[in-house]
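A short reminder: the numbers here are calculations on the coordinates, not readings from a lab. Predicted model, so just to flag it, every value in this text is computed and none were measured. Virtual Cβ from ideal backbone geometry, glycine too; neighbours counted across all protein chains shown.
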Amino acid sequence: MEAKINIYRVITGGVIGGLAMLAIMFFIHAMLLQEEYLVLKEWGTIRQESNLSGELLHHMAVIMSGIPLAFMYVLVRDKVGAGAGTAIRVGILAWMLYLPGIITLYAFYNAGTFVPIVTAGGALAASIVGTLIAGSIYKD
């Protein structure tokens, strides 16, 4: 019989992993892409003014996205083993689910190529780091 999943550790690890993901994506979008976003505002591609309720919703969604990452890690580790390698693989798989949304920036919006490429790289790093953190918190 397999061990019962500790839901509290999954949620705790997921939320902390999600906070790390938010920090990484904040760095990517607020620091690295700041000048590109100023140009996109001038072009009218993105909003001139901040949408605070939308930003709050986005931030909460990023934080909460760590919980499914933690669940995926816990489910996979029982089959292939616990550890950083498993967490990295799960993070990459999760990123692959996120990738079509990022490619949408390139395919359907006038955002150029740099913003989607940097966003994809940041999302990959965030998914891996978030899963590593969630996995390190979830221990038997």
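Please sort by residue number the trypsin sites (Lys or Arg not before Pro) in region 10-112 whose DSSP state is loop and whose Cβ has at most 14 other Cβ atoms within 10 Å.
Numbers: sites: Lys41, Arg47, Arg77, Lys79, Arg89; in loops: Arg47.
Sparse-neighbourhood loop trypsin sites (Lys or Arg not before Pro): Arg47.
Compute the longest continuous run of the chain that contains no exposed GluC sites (Glu not before Pro); treat a site as exposed when its DSSP state is not H, G, I, E or B and it has at most 16 other Cβ atoms within 10 Å. Intermediate results must be reported in sequence, preceding the final value.
Details: sites that count: Glu2, Glu49.
In the chain, the maximal stretch lacking such sites is 50-140.
When we measure straight from the Cα of Lys4, which lysines land under 23 angstrom away, once same-chain ones fewer than 8 places off are left out?
Within reach: Lys79, Lys139.
When the helices in the chain are scored as -39500 (n - 2.57) per DSSP H run of 4 or longer and the sum is shared across all residues, what 222 nm value do you end up with, to the nearest 500 deg cm²/dmol?
Details: 6 runs with 107 residues, N = 140.
Helix-only estimate at 222 nm: -26000 deg cm²/dmol.
For the chain, find the longest principal axis of its Cα atoms and tell me its angle to the long axis of helix 114-137, 0 to 90°, nearest 10.
Tilt relative to the chain: about 20 degrees.
Return the single residue from Gly112, Gly121, Gly54 with maximal mean-square fluctuation; model: Gaussian network over the chain, springs between Cα atoms under 10 Å.
Result for the chain, Cα springs under 10 Å: Gly54 fluctuates most.
Among Ile88, Ile46, Ile102, which one moves the most in a GNM of the chain with springs linking Cα atoms closer than 10 Å?
Ile46
Going by alpha carbons, how many degrees (0 to 90, nearest 10) lie between the helix axis of 84-108 and the longest principal axis of the chain?
The two axes meet at around 20 degrees.
When Ser136, Ser127 are ordered from fewest to most other Cβ atoms inside 10 Å of their Cβ, what list results?
Ser136, Ser127
Relative to the first principal axis of the alpha-carbon coordinates of the chain, what is the inclination of helix 34-43, with its axis defined by its Cα atoms, in degrees from 0 to 90 and to the nearest 10?
Long axis of 34-43 versus the principal axis of the chain: about 50 degrees.
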